[in-house]
1. Residue by residue through the range 41-46, what is 3J(HN,Hα) from phi via Karplus (6.51 cos²θ - 1.76 cosθ + 1.60, θ = phi - 60°)? Round to whole Hz and write x for glycine and proline.
2. Using a simple spin-label model with points 7 Å from Cα along the Cα→Cβ vector, what separation in nm is obtained for residue 57 and residue 40?
3. Among 41-50, 76-85, how do they line up from the highest to the lowest mean number of other beta-carbon atoms within 10 Å?
Amino acid sequence: MSKSISKSMNVKSMNVKSLSVSLVLLMAGISAAAAQAGPTMQEKMACRSDAESLCAEHVGKPSEMNACLRENKAKLSVPCRKVVEARGG
């Protein structure tokens, strides 16, 4: 095998490896972004009454509301507790 063919094959191999790594990182980034996305309307409705009764002072402050709901997890309704747990709380 000539040097140019061998070099060409090595470059192609490296390109495939780079592409594979890039795709894995892209998928991980998409997963992380989805996890950080705001709550869906269903999730908001599941926690609405809990948020109003336990964390009213945090309405309009998503990060503080999330922290408050996590801190009060034992007091949450079952549907809201499931939402909080599904979001890592």
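All of the numbers you see were taken from the coordinates with simple rules; none came from a lab. In this text, all values refer to a predicted model and were calculated from it rather than measured experimentally. Counting neighbours? That spans all protein chains shown, and the Cβs are built from the backbone with ideal geometry, glycine included.
1. Those phi angles translate into 4, 4, 5, 4, 5, 5 Hz.
2. 3.3
3. Working: 41-50: 15.1, 76-85: 16.8.
The densest-packed peptide leads the list: 76-85, 41-50.
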